[in-house]
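Worksheet for the structure shown next.
The values are calculated or read from the model by the stated rules, or taken from the named source; none is laboratory data. Predicted model only: the values in this text are computed from it and were never measured. FYI the Cβ positions are ideal-geometry reconstructions off the backbone, even for glycines, and counts take in every protein chain you see.
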Amino acid sequence: MTPWITKPVPFNIGQGAAAGAVACTPGDDLETFSATTSYGNFSSAYLVIMRSNATQGTIDDCYDQIAVDCDSSNGNIRMGAYSDTSDEPDVLYAQTASIPVTADYAFKSIDEFTLTSVSTWFALQPDEDNSVMEGGEASGDDRWHKSFTYGSFPDPAGSGYIEVTEAQLRKMKIGHT
């Protein structure tokens, strides 16, 4: 017997780095609103966090993609998702880095996260004014915004926001590959 081998180490093919971890359940796409309305100016001066009745998911479902509906490719954008505590945005699930804005409604990668609350808040901020699909304005739609220097989103969401109910939202969605 070779003296430096003391005990065999089991290896289960397919488990990867997270051996023994339970895989998450990919969630259905959650979207602020589905209708096509019109594009409107979105100011780079604000961090906007929003939710609607359509952004309610299932606790323990996971997501790894996020999108915003833009019709221009000006500058960069940050996008993210927050949990909900007592009808307020709370813990930052994940956010993108500063990525180029694209004139489409295509998913971008985000670190995989698992829902810990039914309501999910979406966040976005471009680094320069941009044109984003707007709409919503239904009961249950909330939008919080505040002046914010472009950069990483606060975690937790914090205070100092202006809250608007039955608000005009920006078209965003989350999904899973």
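The table for this structure:
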{"read-out": "Any hit, region 147-168, residues being farther than 22 Å from TYR63 by Cα, among the charged types (D, E, K, R), touching a residue at least 24 places away in the same chain (Cβ under 8 Å) and part of a strand (DSSP E or B)", "value": "no"}
{"read-out": "Segments classed as strands (runs of 3 or more DSSP E), wholly inside region 1-95, with at least 2 members that are at pLDDT 95 or above, within 14 Å of the chain's Cα centre (by Cα) and not polar (S, T, N, Q)", "value": "46-51, 61-68, 76-85, 88-95"}
{"read-out": "Per-region count, region 24-75, residues aliphatic (A, V, I, L, M) and exposed (fewer than 15 other Cβ atoms within 10 Å of the Cβ)", "value": "3"}
{"read-out": "Tabulated pairs, region 93-119, first in contact (Cβ under 8 Å) with a residue 40 or more places away in the chain, second surrounded by 15 or more Cβ atoms within 10 Å (Cβ to Cβ) and of a type in the set (Lys, Arg), C-beta under 8 angstrom, 6+ apart or interchain", "value": "GLN95/ARG78; SER98/ARG78; TYR105/LYS171; TYR105/LYS173; PHE107/LYS173; SER119/ARG51"}
{"read-out": "Residue in region 87-109 that is of a type in the set (Lys, Arg) and within 19 Å of SER147 (Cα to Cα) present", "value": "no"}
{"read-out": "All positions within region 118-146 that are crowded, with 17+ Cβ neighbours inside 10 Å, hydroxyl-bearing (Ser, Thr, Tyr) and not in a strand (DSSP E or B)", "value": "THR120"}
{"read-out": "Region 153-168 - residue that is more than 19 Å from the chain's Cα centre (by Cα) and of a type in the set (A, V, I, L, M, F, W, C) and, of those, modelled with the lowest pLDDT", "value": "VAL164"}
